[in-house]
Amino acid sequence: MKIYRTANYEEMSRKAANIIAAQVTLKPDCVLGLATGSTPIGTYKHLIEKYEAGELDFSETVSVNLDEYKGLPKENDQSYDYFMHHNLFNHINMKASYLPDGTKEDGEAECRRYEALIQEQGGVDLQLLGLGHNGHIGFNEPSEIFEKETHCVDLQESTIEANKRFFASADEVPRQAYTMGIKTIMQAKKILLVVSGEDKAETVKKAFFGPVTPKVPASILQLHPDVILVADEAALSAL
């Protein structure tokens, strides 16, 4: 694992964007695994700036997203489809972008479809991840086992609490989501994790300097051969 310590969120975002830009430049037809949440927004902002400056071309690049809430249509401003278009896709020339379909009621069928779609793309070249307060990556919540492939998950109260700020109330936060599984994430050739803020410091310590356990899902990344952690001073303050 490579760890890049940055002074603040802005520097973290710029560094992460440079790593993604290098991937696209070296392999224009790559498959990017992308994440939602507040942390990657700065990274996407810098990627848009590079595209608008003519420094980056996504015309051969395909993206697959980590997850999507179950029950939210694409048009809902809290769906991850909406988030990705608002924060990235509407501003660049991505060849194609794929997300799980949150409107599908048959969860097993949708998970099979999305997992097959990822494999049809040839797998993920670079997977961008954020880190949840409870150690989740994607929506892989703390559990007794590592879920392998794309699946439907019941969101834990800590995750609902963390996400309620985006909704009118906690009652409106979906209770389930579709997410890539740990095996799917671990099959990515390269993983880029972005973390910011002192509130994530203890989680970073547990995930990367504690035992590998499904109770801290991100700890599995210790076993991946090519992981880059880009984090600000605050997020690394417990190390």
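Skipping prolines and chain starts, which residues have an amide H placed within reach, meaning under 5 Å, of the one on LEU192, given they are 5 or more residues away or on another chain?
GLN127, LEU128, LEU129, ILE228
Compute the accessible area per residue over the stretch 2-232, keeping the other protein chains in place, probe 1.4 Å, unit Å². Show your work: numbers first, answer last.
Working: 10240 Å² over 231 residues.
On a per-residue basis, 44 Å².
Pick out, from LEU192, PHE139, TYR82, the residue whose Cα sits farthest towards the positive end of the charge dipole of the stretch 2-232, with +1 on the Cβ of Lys and Arg and -1 on the Cβ of Asp and Glu.
Ranked along the dipole, the leading option is LEU192.
Quick one: net charge of PHE146's neighbours, Cβ under 15 Å, K/R +1, D/E -1?
Numbers: positive: LYS148, LYS183, LYS215; negative: GLU141, GLU144, GLU147, GLU149.
Residues near PHE146 contribute -1 overall.
If I compute solvent accessible area with a 1.4 Å probe over the protein chains, what percent of it on the stretch 1-82 is carbon and sulfur? List each step's numbers first, then the result.
Values: 1740 of 3650 Å².
For the stretch 1-82, the apolar C and S fraction of the accessible surface comes to 48 percent.
Could you point to the label whose value was computed as Cα extents along the principal axes in Å for the structure here, given (1) 42, 40, 35; (2) 45, 39, 39; (3) 48, 39, 34?
Label (1) holds the value from this structure.
Would you please classify the overall shape of the stretch 113-239 from the alpha carbon gyration tensor, given that a ≥ b ≥ c denote the square roots of the eigenvalues, rounded means a/c under 1.5, and beyond that prolate means a/b larger than b/c while oblate covers the rest?
Verdict is oblate for the stretch 113-239.
With +1 on each Lys and Arg Cβ and -1 on each Asp and Glu Cβ, and nothing else charged, work out how big the dipole of the stretch 157-239 is about its Cα centre, in Debye to the nearest 20.
Details: 10 positive and 10 negative charges, 87 e Å.
For this selection, approximately 420 debye.
Ignoring ligands, DNA and RNA, what percent of the accessible area of the stretch 91-239 is carbon or sulfur (1.4 Å)? Please list the in-between numbers first.
Details: 3280 of 6640 Å².
Of the solvent-accessible surface of the stretch 91-239, carbon and sulfur hold 49 percent.
With charges set only on the Cβ (+1 for Lys and Arg, -1 for Asp and Glu), what does the dipole of the chain come to about its Cα centre, in debye to the nearest 20? Kindly include the intermediate steps, with their values, before the conclusion.
On the way: 24 positive and 36 negative charges, 151 e Å.
Here the chain has a charge dipole of around 720 debye.
Which pairs in the list LYS70/LYS206; LYS2/LYS215; LYS74/LYS206 are over 32 Å apart, alpha-carbon to alpha-carbon? List each step's numbers first, then the result.
Values: LYS70/LYS206 29 Å; LYS2/LYS215 23 Å; LYS74/LYS206 35 Å.
Over 32 Å Cα-Cα: LYS74/LYS206.
The values are calculated or read from the model by the stated rules, or taken from the named source; none is laboratory data. Computed from a predicted structure; not experimentally measured. Because the Cβ atoms are built from the backbone with ideal geometry, glycine has one as well, and the counts that use them run over all protein chains shown. The protein model used for the area step is the full one, side chains on, heavy atoms only, and it has no ligands, DNA or RNA in it. Shrake-Rupley method; radii C 1.70, N 1.55, O 1.52, S 1.80 Å.
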